[in-house]
């Protein structure tokens, strides 16, 4: 039986996973023609990925305890690489076509350290990491549902999914999102 606090954390995780996908999907429906619209879009993405990282930090410790007690792995849910590739292509095309990039100040005081020197650097970071996070949220959501429903699930698959999402993607895209959400980089 899962602790009440873990159940609450899992519910918050599921809400945050859904909120992230909605934030990303705004690029396909929202009007992002003005710099303030883009800044707002990237701010909402930054908040979403930050919440996912917090969920990772809070849940992994608890999941390690569950795994140590139960030790049962119910099997992987494989990523849909075709769906991810299509999203990456559509997202990248839409991102590049945004008229709001005019006047964006890609060069910052930390460009050398972050590797974000040009608009292309930002676009590449977003195109690589945001669709990957998107796909991983779908898997993490299924793992969280399974952990809540199946008594013998160890939580290890969810733990690995969250580690992948946070360590391999959120941690690498967060700087680009921070600068894209900062008013000093927009006219």
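Quick notes on this structure:
- Against the test of being touching a helix residue (DSSP H, G or I) at 6+ places or on another chain (Cβ under 8 Å), under 15 Å from residue 39 (Cα atoms) and buried (at least 22 other Cβ atoms within 10 Å of the Cβ), the options 181, 176 yield a single qualifying residue, 176.
- Residue-level check: of (1) in contact (Cβ under 8 Å) with a residue 40 or more places away in the chain; (2) part of a helix (DSSP H, G or I); (3) surrounded by 13 or more Cβ atoms within 10 Å (Cβ to Cβ), residue 16 misses just (1).
- Residue within the range 128-136 that is farther than 30 Å from residue 154 by Cα and under 13 Å from the mean Cα position of the chain (by Cα) present: yes
- The set of residues from the range 66-115 being at pLDDT below 90 and outside any loop (DSSP other than H, G, I, E, B) comprises 66, 67, 68, 69, 70.
- Members of the range 19-41 found to be surrounded by 18 or more Cβ atoms within 10 Å (Cβ to Cβ) and in a loop (DSSP other than H, G, I, E, B), listed by number: 32
- Single residue of 44, 11 found to be under 20 Å from residue 153 (Cβ atoms), out of contact with any strand residue (DSSP E or B) (no Cβ under 8 Å at 6 or more places or on another chain) and surrounded by fewer than 22 Cβ atoms within 10 Å (Cβ to Cβ): 11
The values are calculated or read from the model by the stated rules, or taken from the named source; none is laboratory data. Since we're looking at a predicted model, the values are computed, not measured. Virtual Cβ from ideal backbone geometry, glycine too; neighbours counted across all protein chains shown.
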